[in-house]
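*Asks:* One structure coming up, written as structure tokens, with questions to follow.
The values are calculated or read from the model by the stated rules, or taken from the named source; none is laboratory data. Quantities reported herein were computed from a predicted structural model and do not represent experimental measurements. Methodologically, a virtual Cβ is constructed for each residue, glycine included, from the backbone with ideal geometry; neighbour enumeration extends over all protein chains shown.
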């Protein structure tokens with residue numbers, strides 16, 4: 001079984017700011033991590049590797065520093081890592097991102113399953129996975145928190161507003177996962193050293209993917225970001241529960257039940 | 001010249017940071033109070049690959065290098081949790097790898113790399129402190145054994161099974177031995193109650209006609225000083241990394257507190273007195289950090305860092321103490337309570353000016369090296 005995992009390097013939480021001129025995130029010289037839900041997607045692929053002997057390819061579109069995320073994926077156990085890196089990809093929205101990823105996946109070929117995180121911690125659109133599935137003509141199941149993969153089909157559990165849903169799909173398919181699906185492993189120092197010193201990260205540019213950058217204009221997004229800002233925290237009125245602890249706890253539980261929190 | 005960690009170093013640093021946040025931060029206060037280290041801590045350190053970083057690959061280590069190891073130690077020290085005695089396996093392992101016989105390497109290094117034994121080293125004695133020329137512990141050769149008599153004080157991890165590097169006088173010549181702990185003739189006191197908290201266990205170890213195989217001579221008779229200097233040079237860099245991490249933790253706690261604590265409706269972070277304290281703290285930590293990385297890098301290049309590591313430890317240990325002191329000042333009286341991490345940091349910070357050679361010893365080493373030029 002061949003599994004492709006799409007991962008994105010995102011800024012470490014709390015280290016990024018918004019450029020007031022363009023509204024874009026300022027990413028230069030900001031430390032990056034693998035997007036948390038993509039990390040779970042990668043872990044799920046590695047669990048399939050342990051169970052079925054799958055071959056796992058980590059794929060990422062990003063600037064040169066995104067190589068760090070792929071090295072980490074190799075250290076965790078991915079068999080192959082591919083970086084899609086070209087100046088023409090800078091500032092891409094989800095539409096362009098899914099197009100480029102689709103081109104790369106067609107070039108890689110021979111896959112049974114594509115795993116993605118549900119959404120990135122910086123963009124939060126949750127669009128790339130579904131767009132990618134549509135471009136590749138694949139069945140897709142999103143927000144998966146439990147996955148069982150068999151010879152030619154899979155069963156996926158997803159949380160919906162009304163409860164849990166079990167969905168069956170034929171392979172090949174695309175799945176987006178949430179953080180509830182697993183706890184990613186930590187690579188050892190030895191594995192990191194091997195990944196950084198001995199393994200290769202393949203880099204593809206537009207030419208390698210057969211993308212004609214002069215034609216990329218038609219991929220311009222039909223939407224434009226009008227503005228981006230950090231909202232002021234909303235001041236809420238709180239309620240102090242006075243009295244003995246047992247009574248305060250009783251009152252708190254009642255309030256939480258009334259609000260259907262518990 | 002690039003003042004930037006490589007991709008490999010960044011990933012290792014990140015993994016160590018996540019390990020510290022996940023495994024050490026949640027238990028740090030409890031360990032400080034009752035000394036109960038989770039029994040699987042060594043196993044977790046082994047799984048993360050932290051124990052064999054300075055041990056050659058052929059003996060089960062990863063040969064990650066001193067700079068990578070220092071990056072790990074810095075992150076693991078940030079929670080101020082004393083449960084990392086097993087990390088001394090790296091120092092002891094490196095010493096054996098560089099200076100031991102092939103038989104010693106094969107016997108001890110794989111076990112150290114896998115955390116199946118805990119390595120340690122002991123020089124200080126009750127009446128002689130750390131004065132190299134005043135060793136009282138003696139060793140004499142009797143047939144196929146060395147017979148060792150004496151006491152070592154403040155022997156960290158001296159009670160844990162594994163090899164200890166012990167220094168003794170052989171005909172007034174300082175000599176090193178590899179001693180298997182907890183065998184006949186080897187005994188330990190109960191751990192000292194230290195102000196740094198209960199997690200750090202340091203004991204007196206006593207040798208009463210302790211018989212050690214002839215093959216456990218470490219280096220040559222009279223070669224003890226060189227071995228001691230080699231071990232303590234790495235120990236100093238490790239402690240500098242830990243001191244820097246502790247100082248960083250003090251700064252982070254102080255910033256967090258200053259932003260939350262209000263006085264007359266405004267955070268105390270808006271007050272100049274507090275801002276100046278925070279600035280003083282920050283401007284001490286950066287030089288300590290980069291000097292630590294540089295000395296670690298020099299060590300990896302095979303350079304003799306006796307003077308540099310002495311200067312580094314002198315500086316970094318002072319930084320930890322001063323920054324912790326300023327951190328408590330930012331917290332005010334709340335810093336005296338165990339509810340705040342700064343209290344534990346403050347108690348632990350003083351240790352760096354005393355262990356692995358006091359600051360006075362470091363000054364003597366640095367001055368001695370300067371005047372020899």
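*Asks:* Mind telling me which of the residues A:147, A:115, A:101 ends up being over 22 Å from residue A:33 (Cβ atoms) and either modelled with pLDDT of 90 or more or not in a loop (DSSP other than H, G, I, E, B) (or both)?
*Replies:* Going through A:147, A:115, A:101 in turn, the sole match is A:147.
*Asks:* Kindly indicate whether any position in the range A:74-97 is more than 23 Å from residue A:30 (Cα to Cα) and loosely packed, with under 14 Cβ neighbours inside 10 Å.
*Replies:* The answer is no; no qualifying residue exists.
*Asks:* Can residue A:147 be described as on the phi < 0 side of the Ramachandran plot and free of Cβ contacts under 8 Å to residues at least 12 places away in the same chain?
*Replies:* No.
*Asks:* For the range A:187-215, how many residues meet the condition of being modelled with pLDDT under 90 and under 24 Å from the mean Cα position of the chain (by Cα)?
*Replies:* The total comes to 1.
*Asks:* So which residues in the range B:14-24 are buried (at least 16 other Cβ atoms within 10 Å of the Cβ) and either more than 8 Å from chain A (Cβ to nearest Cβ) or outside any helix (DSSP H, G or I) (or both)?
*Replies:* Answer for the range B:14-24, where residues must be buried (at least 16 other Cβ atoms within 10 Å of the Cβ) and either more than 8 Å from chain A (Cβ to nearest Cβ) or outside any helix (DSSP H, G or I) (or both): B:16, B:17, B:20, B:23, B:24.
*Asks:* For the range A:180-205, what are the residues that are more than 14 Å from residue B:61 (Cβ to Cβ), at the interface with chain B (Cβ under 7 Å from one of its Cβ atoms) and in a loop (DSSP other than H, G, I, E, B)?
*Replies:* Scanning the range A:180-205 gives A:186, A:187.
*Asks:* Within the range A:161-179, which residues are assigned to a strand (DSSP E or B) and touching a residue at least 40 places away in the same chain (Cβ under 8 Å)?
*Replies:* The answer is A:173, A:174, A:175, A:176, A:177.
*Asks:* If you check B:128, B:156, which single one turns out to be closer than 16 Å to residue B:235 by Cα, assigned by TED's automatic domain parsing to the domain that holds residue B:193 and touching a helix residue (DSSP H, G or I) at 6+ places or on another chain (Cβ under 8 Å)?
*Replies:* B:156
*Asks:* Please enumerate the residues belonging to the range A:45-60 that are within 23 Å of residue A:88 (Cα to Cα) and in a helix (DSSP H, G or I).
*Replies:* Listed by number, the list is empty, since nothing qualifies.
*Asks:* Among the residues of the range B:38-70, write down those that are at the interface with chain A (Cβ under 10 Å from one of its Cβ atoms) and not in a loop (DSSP other than H, G, I, E, B).
*Replies:* Scanning the range B:38-70 gives B:44, B:46, B:47, B:57, B:68, B:69.
*Asks:* Would you please list the contacts, defined by Cβ atoms under 9 Å and residues six or more apart or on different chains, that run from a residue in the range A:240-262 that is within 20 Å of residue A:161 (Cβ to Cβ) to a residue that is in a helix (DSSP H, G or I)?
*Replies:* Partner pairs satisfying both residue conditions: A:261/A:255; A:262/A:253; A:262/A:256.
*Asks:* From the list B:322, B:356, pick out the single residue that is in a loop (DSSP other than H, G, I, E, B) and in contact with a helix residue (DSSP H, G or I) (Cβ under 7 Å, 6 or more places away or on another chain).
*Replies:* The match here is B:356.
*Asks:* Tally time: how many residues in the range B:22-32 are touching a residue at least 24 places away in the same chain (Cβ under 8 Å) and either within 18 Å of the chain's Cα centre (by Cα) or more than 16 Å from residue B:43 (Cβ to Cβ) (or both)?
*Replies:* Here the count works out to 6.
*Asks:* Take the residues of the range A:61-88 that are more than 14 Å from chain B (Cβ to nearest Cβ) and assigned to a strand (DSSP E or B): which is nearest to residue A:204 (Cα to Cα)?
*Replies:* Among residues in the range A:61-88 that are more than 14 Å from chain B (Cβ to nearest Cβ) and assigned to a strand (DSSP E or B), the one nearest to residue A:204 (Cα to Cα) is A:84.
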